[in-house]
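The values are calculated or read from the model by the stated rules, or taken from the named source; none is laboratory data. Since the structure is predicted, the reported quantities are computational estimates derived from the model, not experimental observations. FYI the Cβ positions are ideal-geometry reconstructions off the backbone, even for glycines, and counts take in every protein chain you see.
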Amino acid sequence: MQLGQFVPFFQPKIDTRTNRISGVEVLVRWQHPQRGLLPPSQFIDEAEAANLMGRIDRCIIAQAVKAYGDWLNAGFIIGKLSINLTAYNLQSGTFVEYLADELRNSGLTARHVELELLESILFDCDDSSLFERCRELSQAGFHLALDDFGTGYASISTLIDNSITTIKIDRSFISGIDKQPRLQRITRSILALSQQLYLDVVAEGVETAAELEVLTAFGCHLVQGYHFSRPLDANRMTGWLRARDECAEEQSRTQQSMR
C-alpha cells in the first residue's frame, strides 16, 4: 500500500435550473497493482489498520486541489470543490492550517471549497471538540455539507448548531423514487425542513431521467449521480468538462441561428 497508488476521482453536481455544474466531489480510489481500481470500501479497513488514512487524505487533497486550480485557470466554471472530511482530519489540530496552505499554493481560498461530513462522524466520535472544529471551519470561510442525510444519525439540532449550509440526501431515498410513494414522502419532508432552515439540498445517486423528473417537480434542483456522470479521474474529467462546454456552445449557436 503506497501513497502514490491513491488517486482522486471527481463526480460533478448539476444545478438543473441552469444546467451548470455547481461543484465536483472528490472521491478516493486505490490503483492497486494487481487488483486494479478499488473503491474505499475495499481498502479503508486495511488503510486504517496501517495508520495511513491521514496521509492518504492529504495526498488526495493535494492532487485534487491542484486539478481544481488547473480547471479554473483553463476557464472552466465548476462551482466548489467538495472534499470529504474524515474523523481523522476533523480531530487534527493542524488540518485547517494544512488545507489553507494547499489552497494558497494553488491560488485558491476557502470560498472555493465545501467540506462534506458524514452524519456518523459527529455522533460516533462523541467529542464536543469536533463540533467546535466545525464552527472554526465555517468561520474560516469553508462551506460545510452534511453527507448521507437521512440514514439515522442527524437531528435538527445538528443542522442548527454546526454551521451546516448544505445537506445531501442519501441515495437510498433517491433510488426508485419515481416508483415508491414512501420515498417521495420522505424526500419531500427533507426538502421542506431544509427550506425552513435555509439549507441547500443535493440529491445523491440520481441514475435515471424519471428520478430526476420527480426531484425537479419537488423543487430539488441540485443533483449528483450516474445520470450525469460516473466518477472520473482528473484527465477524463477535463475531457468531460471540455465536451460539456463545446455542447453548450453548439446549442447557443443553433439558437442564435434560429432567431
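A few remarks follow.
- Pair list, Cβ < 6 Å and 6+ apart or interchain, from the stretch 36-58 residues that are without any contact (Cβ under 8 Å) to a residue 12 or more places away in the chain and closer than 19 Å to Val96 by Cβ to residues that are among the basic types (Lys, Arg) and surrounded by fewer than 18 Cβ atoms within 10 Å (Cβ to Cβ): none
- Yes/no for Arg244 being over 22 Å from Asp148 (Cβ atoms) and at pLDDT below 95: yes
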